[in-house]
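Below you'll find the structure, written out as structure tokens, and then a few comments.
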There are 2 protein chains.
Amino acid sequence: MPRTKRGTAPSIRDVAAVANVSVPTMSRYLKDPSRVSEKKRVAIAAAIEKLNYRPNPIARALALDMSESIAVMSADTRLYGRTQTFYGIERKAQEIGYPTTIYVLDSRGGDWMLGSVRSCLDRSPAGVILIDYDRLTDSVVSHIPTTTPLVIIGGPRHEDRAQIHLGEYDSAYTMTKHLLALGHATVHYVAVPSDVDAREDGWRMALSDAHVPAPAPIATTWDAEKAIAIGQQLGNDDSVTAIFAGNDEIAMGVMRGLAIAGKRVPEDVIVAGFDDHTLSRVWNPPLTTIRQHFDEAGEHAVTMLKQQIDDVVNNRPRGEAWTMFDTIAGELVERESTGELVRG
Amino acid sequence: MPRTKRGTAPSIRDVAAVANVSVPTMSRYLKDPSRVSEKKRVAIAAAIEKLNYRPNPIARALALDMSESIAVMSADTRLYGRTQTFYGIERKAQEIGYPTTIYVLDSRGGDWMLGSVRSCLDRSPAGVILIDYDRLTDSVVSHIPTTTPLVIIGGPRHEDRAQIHLGEYDSAYTMTKHLLALGHATVHYVAVPSDVDAREDGWRMALSDAHVPAPAPIATTWDAEKAIAIGQQLGNDDSVTAIFAGNDEIAMGVMRGLAIAGKRVPEDVIVAGFDDHTLSRVWNPPLTTIRQHFDEAGEHAVTMLKQQIDDVVNNRPRGEAWTMFDTIAGELVERESTGELVRG
DNA sequence: CTGAAAGCGCTTACAG
DNA sequence: CTGAAAGCGCTTACAG
């Protein structure tokens, strides 16, 4: 005799028995009630209500080879942009009934990362969202079959995939132009760690367009504390009057360093950041920055993904939702850290 | 004829065929190789290698009524403590091979929350970790069967469950004592939004023990910007010389408000926070606070949960791992925001 | 519209 | 130690 385990939850068979229909009819009803006669429809509805039946997602996933959940791949989830993006994804995903599973792609090496990707794919998620603020894409995207719904947020363009673009190049260009227009000879850039930094590129192009020589960008890490030393160093150089940091946390570190060096912001040096971190408007002085709509990007990614998922569910071929390229642009937010320059 | 779909991935049957063993033998090998004869063991290993076989977690989950994943329930994941805790969980969970699925318990009402909990339970996670920094516990814990592995982080004690305690009461007590010892007549408290706030209780007890009357605590929200107005207000009251904020972000808002009101920190007013936010050491001036080991708490929760999961897997009854109560205490970190008071 | 049958890829008693 | 059988709870052609 087989197991008699049976959890306490009613199965589709139990409901079918109560409603006096076959299991396949139950299944059809679950997928689309209109595929069942009115009479059975009410009987089934009553039985479901009576037994408080909820379909077993795991059994469904096995039969369909597709689980009703969204996988999110991202590096370190503690960084501001990722946290916000993940929040947007989460909220929207939950709204459409998909739980969100996270796979952290960390730097323990490519093999380890590939292991995460495989572990993810083995679980047949309905779709995958890749947060690529670190340019991890190339080592990951190729391992995701083109038949799996996928939306990439950020990163270099993949022509055959759906992707969301944050317009960082344009924003950085705009910011740099803005800082120059405030009357500064040049703008120094403190770079976030990334192989390909669109922010840096935008800064460079703006300087170039203004015929201003670009000072060497200063490299730092994601750790804001590291930026304090950079701020001090820049503060000791009186020729430095405008600093553009790759993100707000770095800008904050730089401002702290400037304070230690005895420089006032914005009187002696102006500082701008990028992202519009929650604390930027609370900083002393409040930080001029580029507002990035991370949560919106996350929500939009889910919407795009859902269209692809629907294609799969309805056996349609890859439609245009699979290669869309949408931009969710940032915008300049001016605050006191770039208040008018007061010269000696 | 049935479907001929069959994904490209090899199934246990394919491997069994290649290795010339039965499917059940394969299954036994997968669970514990020692249950299979040496000869078959090598044949199976070779076949697995050859076909690059990886067991289907969904099929396994259906058969076992338990999926190899950990569910995390939390309110707004963007708040600092939760992000950090989630990171610790994630990292440790991935280390032991369990992906992490998040279920956000938001404030869209109890019914909605209950829906999330049910949706979670329907997917039979191996275990659940509940981050209860908001005192959501009571409305959720009772819906999680005592047979489901569960670890609660924070929140009021549930005697029959495993739980991790952050020692906030003690930390707040210590901090308040410390601030008083710096020579202040009293300490004002700006409260985080929570029905039951151990931090507030610790502050109150410290004042009481020092025979100092407690000023009315000032309520605020999670939004640091709101705290700016509070800071201004406190700054306009010259009798206020020491402020203890319920978390660092609020402390930062308060400091900004004090600056607007023309008060210097720490010369005129000292300020302390709670959590040791990443940016606290970068703030100008750096913030005295209580360092909370959120990531460690998250990792520890996974370790505790794993023990319970092992009990379930091995058909053991609820052991002591199911009702453990461990503390991961915070510690005072002194920085410049509470530097010695200079009286005019 | 509807039911009997077969299948998704695993696991677990049951007999050897 | 090992294989044949039955089952986990769904879905999908296939015939009515």
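The values are calculated or read from the model by the stated rules, or taken from the named source; none is laboratory data. None of these values were measured; they are calculated from a predicted model. No Cβ is skipped: glycine too gets one built from the backbone with ideal geometry, and neighbour counts run over all protein chains shown. Ligands, DNA and RNA are excluded from the accessible area calculation, which covers all protein heavy atoms including side chains. Shrake-Rupley method; radii C 1.70, N 1.55, O 1.52, S 1.80 Å.
At-a-glance table
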quantity: Test result for B:ARG118, at the interface with another protein chain (Cβ under 9 Å from one of its Cβ atoms), within 25 Å of A:ARG78 (Cβ to Cβ), open to solvent by 50 Å² or more (accessible area, probe 1.4 Å) and not aliphatic (A, V, I, L, M); calculated: no
quantity: All positions within the stretch B:259-283 that are under 13 Å from B:LEU234 (Cα atoms) and at the interface with chain A (Cβ under 9 Å from one of its Cβ atoms); calculated: B:ALA259, B:ILE260
quantity: Residue within the stretch A:271-282 that is of a type in the set (Asp, Glu) and open to solvent by 60 Å² or more (accessible area, probe 1.4 Å) present; calculated: no
quantity: Residue within the stretch B:300-309 that is of a type in the set (D, E, K, R), within 23 Å of B:TRP203 (Cα to Cα) and at pLDDT 95 or above present; calculated: no
quantity: Unmet requirement for B:GLU95, which otherwise passes all of (1) more than 16 Å from DNA strand D (Cβ to nearest atom); (2) open to solvent by less than 30 Å² (accessible area, probe 1.4 Å); calculated: (2)
quantity: Matching residues, the stretch A:4-22, being aliphatic (A, V, I, L, M) and either more than 10 Å from DNA strand C (Cβ to nearest atom) or open to solvent by 80 Å² or more (accessible area, probe 1.4 Å) (or both); calculated: A:ALA9, A:ILE12, A:VAL15, A:ALA17, A:VAL18
quantity: Selected residue [touching a residue at least 60 places away in the same chain (Cβ under 8 Å) and crowded, with 23+ Cβ neighbours inside 10 Å] from A:GLY298, A:GLY253; calculated: A:GLY298
quantity: Of the criteria (1) open to solvent by 10 Å² or more (accessible area, probe 1.4 Å); (2) within 16 Å of DNA strand C (Cβ to nearest atom), which one B:GLN84 fails; calculated: (2)
quantity: Output for the stretch A:221-257, where each listed residue is over 23 Å from A:ARG281 (Cβ atoms), in a loop (DSSP other than H, G, I, E, B) and within 14 Å of chain B (Cβ to nearest Cβ); calculated: A:THR221
quantity: Any hit, the stretch A:179-200, residues being touching a helix residue (DSSP H, G or I) at 6+ places or on another chain (Cβ under 8 Å), open to solvent by 30 Å² or more (accessible area, probe 1.4 Å) and closer than 30 Å to B:MET66 by Cβ; calculated: no
quantity: Inter-residue pairs, beta-carbon under 6 Å, first under 11 Å from A:ASP201 (Cβ atoms) and in the stretch A:169-186, second of a type in the set (D, E, K, R), 6+ apart; calculated: A:TYR169/A:ASP201; A:ALA172/A:ARG199
quantity: Inter-residue pairs, beta-carbon under 7 Å, first over 16 Å from A:PRO125 (Cα atoms) and of a type in the set (Ser, Thr, Tyr) and in the stretch A:46-62, second open to solvent by less than 60 Å² (accessible area, probe 1.4 Å) and near DNA strand D (Cβ under 8 Å from one of its atoms), 6+ apart; calculated: A:TYR53/A:PRO10; A:TYR53/A:VAL15
quantity: Residue selected from the stretch B:169-199 under the condition among the acidic types (Asp, Glu) and modelled with pLDDT under 95, by the criterion nearest to B:ALA251 (Cα to Cα); calculated: B:ASP197
quantity: Residue check for B:LEU258: in contact (Cβ under 8 Å) with a residue 12 or more places away in the chain, closer than 20 Å to A:ILE250 by Cα and not β-branched (Val, Ile, Thr); calculated: no
quantity: Residue, nearest to the other protein chains (Cβ to nearest Cβ), within the stretch B:49-79, restricted to residues that are within 18 Å of B:ALA19 (Cα to Cα) and away from DNA strand D (no atom under 15 Å from the Cβ); calculated: B:ARG54
quantity: Counted residues, the stretch A:164-209 - those being closer than 21 Å to A:GLY154 by Cβ, among the polar types (S, T, N, Q) and part of a helix (DSSP H, G or I); calculated: 3
quantity: Unmet criterion (only one of (1) open to solvent by less than 50 Å² (accessible area, probe 1.4 Å); (2) in the same structural domain as B:GLY97 (by TED's automatic domain parsing); (3) farther than 24 Å from B:SER171 by Cα) for B:LYS306; calculated: (1)
quantity: Condition broken by A:PRO317, with the remaining ones in (1) without any contact (Cβ under 8 Å) to a residue 60 or more places away in the chain; (2) over 20 Å from A:GLU168 (Cα atoms); (3) open to solvent by less than 40 Å² (accessible area, probe 1.4 Å) satisfied; calculated: (3)
quantity: Long-range neighbours under 7 Å by Cβ, at least six apart or interchain, first residue surrounded by 17 or more Cβ atoms within 10 Å (Cβ to Cβ) within the stretch B:25-43, second hydroxyl-bearing (Ser, Thr, Tyr); calculated: B:VAL36/B:THR25; B:VAL36/B:TYR29; B:LYS40/B:THR25; B:ARG41/B:TYR29
quantity: One residue from A:ARG82, A:ARG91 being more than 9 Å from chain B (Cβ to nearest Cβ), in contact with a strand residue (DSSP E or B) (Cβ under 8 Å, 6 or more places away or on another chain), in a helix (DSSP H, G or I) and over 26 Å from B:SER11 (Cβ atoms); calculated: A:ARG82
quantity: Tally of residues being near DNA strand C (Cβ under 10 Å from one of its atoms), among the polar types (S, T, N, Q) and assigned to a loop (DSSP other than H, G, I, E, B) across the stretch B:23-56; calculated: 1
